[in-house]
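A.B. asks: I have a structure here, written as structure tokens, and I will follow up with some questions on it.
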Amino acid sequence: MSDNVIAFKRPSAQEKHKGKTLCRSGFHKWKVVTERKFDVKQGKLVTQLRCTRCGKEKVEAL
């Protein structure tokens, strides 16, 4: 009988919470999700942004 068990390294606290303190302090890393989207309510072109670290989204009007 052979054991096919892989021993995984447990992530340290530093690796586990990497980047979360920046977002909590208001320093998000925004990336464009949808470029040139028309918003009917505002009647304007809008850009949807998502933080790559925490996943928070925001909409920016052009």
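A.B. asks: Can you work out which of the residues in segment 25-62 that are of a type outside the set (D, E, K, R) and out of contact with any strand residue (DSSP E or B) (no Cβ under 9 Å at 6 or more places or on another chain) is modelled with the lowest pLDDT? Steps first, please.
C.D. replies: First, pick out the residues of segment 25-62 that are of a type outside the set (D, E, K, R): 25-28, 30, 32-34, 38, 40, 42-43, 45-49, 51-52, 54-55, 59, 61-62.
Next, from what is left, pick out any that are out of contact with any strand residue (DSSP E or B) (no Cβ under 9 Å at 6 or more places or on another chain): 25-27, 40, 43, 54-55.
Values: Ser25: 88, Gly26: 90, Phe27: 91, Val40: 79, Gly43: 85, Cys54: 85, Gly55: 88.
Out of the qualifying residues, it is Val40.
A.B. asks: Evaluate the following for Leu22: is it among the aliphatic types (A, V, I, L, M), out of contact with any helix residue (DSSP H, G or I) (no Cβ under 6 Å at 6 or more places or on another chain) and at pLDDT 85 or above? Working first, answer last.
C.D. replies: Values: among the aliphatic types (A, V, I, L, M): yes; out of contact with any helix residue (DSSP H, G or I) (no Cβ under 6 Å at 6 or more places or on another chain): yes; at pLDDT 85 or above: yes.
Yes, satisfied.
Per-residue answers, yes or no, for (1) among the charged types (D, E, K, R); (2) free of Cβ contacts under 8 Å to residues at least 12 places away in the same chain:
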site	(1), (2)
Lys9	yes, yes
Gly26	no, yes
Lys29	yes, no
Lys37	yes, yes
Gln48	no, no
Thr52	no, no
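A.B. asks: State all residues of segment 33-47 that are under 19 Å from the mean Cα position of the chain (by Cα) and more than 11 Å from Val59 (Cβ to Cβ); if no residue qualifies, say none.
C.D. replies: Selection gives Glu35 alone.
The values are calculated or read from the model by the stated rules, or taken from the named source; none is laboratory data. The shown structure was predicted, so the numbers you read here are calculated from the model rather than taken from an experiment. For neighbour counting, all protein chains shown are included, and Cβ atoms are generated from backbone atoms with ideal geometry for every residue, glycine included.
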